[in-house]
Amino acid sequence: MDGPSATPGWPSTRNALENEIACQIARLVGAAPRGRGLMQHPALAAVVIGDRPDSLLFVRRKGEACKEAGIRFYLEHFPGNVAQEKVLHVLRRLNTDINVHGILLQLPVPPHLNESRLLECINPRKDVDGLHPYNVGRLAMRGIWRPAFMPCAPLGCMELLRRGQIRVRESSVAIIGDSNVVGMPMSWLLRDAGASSVTLLHSRGVNFLKRLSVEERGASVCAEDATTRERLLKPVRGADIIIAAFGCVEVVRGDWVKPGATVVDIGINTVSMQSDGGTDRIGEARNVSVGGVSLKSELTELLEKRNGHELVHCLPGLGSFRVVGDVAAEEVSHIAGAMTSVPGGAGPMTIAALLSNTLSGCFQRSDLRKPAHKMNTPSCFN
């Protein structure tokens, strides 16, 4: 966490969790007797469509984290104009592969594809992103109806708050953004954690605030728009915890946050930059197969360099870019009591949650006990 009174221990939260998962995998793979238990490494298959810089960067990070934790990682990278039936064909084959324990579809997908149909094609018990309607519906319901997996970004965020000793029970929370991936499931997890109030800012309200933030830079805002803005921001300004998850560069300003509030920035946005020298290659391509399923793993070459204190990423053919969040970090950090950074913070915890879900998926296919690491994962189905 960043900020004048950042919570101790938050920077190491992701590493601690990933180490717990890696130790659990190493112990079980090395100790399991032949014919029973965990006989193989957990395996995750990622399906990526197109060349969005943020998606490619995030998938690269997921692959690196899997390798470090002892989880096998396979990538199917399609061009942006791929036909839907071709993607569905690969998803169906992965569903039936006993050597793959988790499947994720990197979102968003190109507009010509039916995202809902693709997500629904994934086996709910391999849906480690927790976005299949079966898992989403069970998460939305109270009581014993628990999903096979919870969505990674909300699950990672809750674990970040828990390990950072940020009190959720009886706290007021504002979530900026109502996406199916973060905003909606985040509200259900906070509800179940005992938050006194959870305010979800609708996408229409978010779009209004985004438009207004642009207009304010060039001219004064009319009185009616100013009144609407104040009404929308009232629950945000009074919140003990703010979750920013709507995907717009540095829109959350200092006057949106009350002094001492906790701000979790889940937004990952890319800002184009002019390329210059000092690059270092960190990626390479490879081809792999798993369980008889051919998975063309073309990890796009990723370059990183330093531009002053900023980390700049480069993808061949896509130019240089830096990664920023939804929060104006420099401005808000002087007001918030604790705040996550971008890059870092919620992003790595989302990946850690993905590793946790993948390990849980492997346990569902075995007769071993549940994972010993301490992420609050849901109960698994038999």
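The values are calculated or read from the model by the stated rules, or taken from the named source; none is laboratory data. Fair warning: this is a prediction, and the values are worked out from it, not measured in the lab. Note that each Cβ is placed from the backbone with ideal geometry, even for glycine, and that neighbours are counted across all protein chains shown. Only protein heavy atoms, including side chains, enter the accessible area calculation; ligands, DNA and RNA are left aside. Shrake-Rupley method; radii C 1.70, N 1.55, O 1.52, S 1.80 Å.
Subtracting the Cα-Cα distance from 0.36 nm times the residue separation, let me have the gained length for residue 191 to residue 112 in nm, one decimal.
Fully extending the segment from residue 191 to residue 112 adds 24.9 nm.
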The range 162-214 to the range 68-92: how many Å between their Cα centroids?
-> 31
Label-point separation, residue 81 to residue 231 (7 Å along Cα→Cβ), nm = 4.7
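Let me check I've understood the local charge: for residue 150, count other residues with C-beta under 11 angstrom from its C-beta, Lys and Arg +1, Asp and Glu -1. What total comes out? Spell out each step's value before the answer.
On the way: positive: 138, 146; negative: 127, 129, 159, 192.
So the environment of residue 150 carries a net charge of -2.
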Taking Lys and Arg as +1 and Asp and Glu as -1, residues besides residue 134 with C-beta under 12 Å from its C-beta add up to +2
At 1.4 Å probe size, with every protein chain present, just tell me what the per residue accessible area of the range 49-142 comes to in Å².
-> 43
Two-site label geometry, residue 364 and residue 29: point separation in nm, points 7 Å out along Cα→Cβ = 2.1
